[in-house]
Each structure stands twice: as structure tokens, then as C-alpha cells.
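The values are calculated or read from the model by the stated rules, or taken from the named source; none is laboratory data. The shown structure was predicted, so the numbers you read here are calculated from the model rather than taken from an experiment. A quick note on method: Cβ atoms are made from the backbone with ideal geometry, for glycine too, and the neighbour counts reach across all protein chains shown.
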């Protein structure tokens, strides 16, 4: 009987310690997610700090010049919501970004210009595959009311066909990179 009491005590203690560690890990992950979603973190490397965050296109974009007090940050478009998807994306994209920072000499603007289309294509493909989920966390399709007739017609057609945001809005915030033909074909099919 004593052995069962000892095992029960060990089991309860192990579960209690596991619970405390689990809570600490989740709280730590939440704090890390919060910090890594800031523009300060996103622009801390040479690539995004020098070329993207200081780009006139970026600084004058509608997402950066809102007068209503809402200003989306880098993570609002590039990182999905939710602790698990956000953490996974931070790890995967972080490793890719770190590899790029090590492999390419981004102190040379020519290197950045050469790599820019490939990086834009990767983000567009990711957004297309995820049905522009990060766009939809702020923008609700049913409330988008373009002022111009052309925009009204295009949004109605997009809703009918199931087309996603990135299919048309692929140069919204960053310097122009023409889309690849394969992207246009996939995006016009409603994913």
C-alpha cells in the first residue's frame, strides 16, 4: 500500500510541476510573440530596416498614413493570428530570413534589388495559399465599399469568383514588383 501512496504522490507532484512549467512556457511564448510582432523587431535587421521601412512607397502607403489612429504593423500582414500559427511562422520565416541575411550581402543595394522579386513572390504565394487570411483580420469583405465604380465592380466579381485580396493588391505597401504569370493564373482561379 505504501508504494501506491508514494507513486500517487510522485504522480501528483510530476503533474503539478508539469502544469507550472506548461503555464510558464505558454506565458513566455505569448510575451515572445508580442515582442516579435512589433515593427521595432521586424525592422531590426539590415534588410527590412534599411530597404523596406525607409522606402518612400512604404512610408506613404495607405497602411502607414491612416489618420484614424489605426496603423497596421509588419506582423499584421506577414504573421498569422493565434499563438501556435504565429510562433510556427516566426520560427520558419525567421530561419529563412536569418539564412538570407547570412548568405546575401544586403549592405549592397544591388543585391537587395536582385533578390526583391523572389522575396515578393514568396510572400504573395504564401498569402494566396492562405486566402489572404492576414488581410481578413482587419478587412471584412462585406464592409468594403470602394468609392470608384471600377473598384465596386472588381470587388463584386472577386466575391463571386472567390478571388482573394492578394490577387489584386499585390503591390499595396511595398515597391512595385510585377507578378509572375503563374501567380496571375492561380489567383484568377479563386485559389
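See the values below:
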read-out	value
The listed residue being under 15 Å from the mean Cα position of the chain (by Cα) and in contact (Cβ under 8 Å) with a residue 24 or more places away in the chain, out of 38, 89	38
Spans of helices (runs of 4 or more DSSP H) in segment 34-109 with at least 3 residues out of contact with any helix residue (DSSP H, G or I) (no Cβ under 7 Å at 6 or more places or on another chain)	56-60, 83-103
Some residue of segment 129-143 being assigned by TED's automatic domain parsing to the domain that holds residue 73 and more than 22 Å from the chain's Cα centre (by Cα)	yes
Residue in segment 15-30 that is in a helix (DSSP H, G or I), under 19 Å from the mean Cα position of the chain (by Cα) and surrounded by 10 or more Cβ atoms within 10 Å (Cβ to Cβ) present	yes
Near pairs, Cβ below 9 angstrom, 6+ apart or cross-chain, from segment 103-118 (without any contact (Cβ under 8 Å) to a residue 12 or more places away in the chain and in the same structural domain as residue 182 (by TED's automatic domain parsing)) to any residue that is in a helix (DSSP H, G or I) and surrounded by 11 or more Cβ atoms within 10 Å (Cβ to Cβ)	104/47; 104/111; 104/112; 104/114; 104/115; 105/111; 113/51
Only listed residue being exposed (fewer than 15 other Cβ atoms within 10 Å of the Cβ) and within 23 Å of residue 53 (Cα to Cα), chosen from 170, 143, 121, 99	99
